[in-house]
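Derivation of every value follows stated rules applied to the coordinates shown; laboratory data play no part. Bear in mind that the values here come from a model prediction, so they are computed numbers and not experimental data. Neighbour counts run over all protein chains shown; Cβ positions are idealised from the backbone, glycine included.
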């Protein structure tokens, strides 16, 4: 900007036949005034939160029989029912969907709970296959709970494969109990 003013001054001196002319440079524009001055901040009415954030329905109170316990006692009372899967499947059965709907209701009544969904398999299949299948089972249960309105940040998944059976045995009755997603409250 100054070079432009100097150039204009030299041009004017040359144009005036060597006589020095006084050239007043244009003033530098000042930045626009802030629309809110400090005095206005002090007197502006506060913005009502209700005007900007939609209100959420009041949460259902926590089930008093499930609060105040340590996590071990809480999980021993089995507040969230396990769900079971058909052989070599991660598809939700109708009974599993019903149990998940009940589990979602319990979680809605206990808003601070963080739940880990453990995926399990029976002993048939390779270790790698069973880990992958039990992961699909845990994720299927999680996705179903999310579809029922449980926030995903409250749900964790882990895959155990055949490592922690409910029932020891080598028959269909035992295997059916081991093909499951198990729910553990890990924080409250």
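Rounded to two decimals, the Cα-based Rg/Rh of region 67-187, with Kirkwood Rh, is 0.96.
Available extension along the chain between residue 105 and residue 81 is 7.5 nm, counting 0.36 nm per residue and deducting the alpha carbon span. Here each label is just a point 7 Å from Cα along the line to Cβ, and for residue 147 and residue 186 those points are 2.3 nm apart. Length available on full extension from residue 89 to residue 158: 0.36 nm per residue minus the Cα-Cα distance, which gives 23.1 nm. Between the beta carbons of residue 71 and residue 123, assuming R0 = 22 Å, the FRET efficiency works out to 0.15 to the nearest 0.05.
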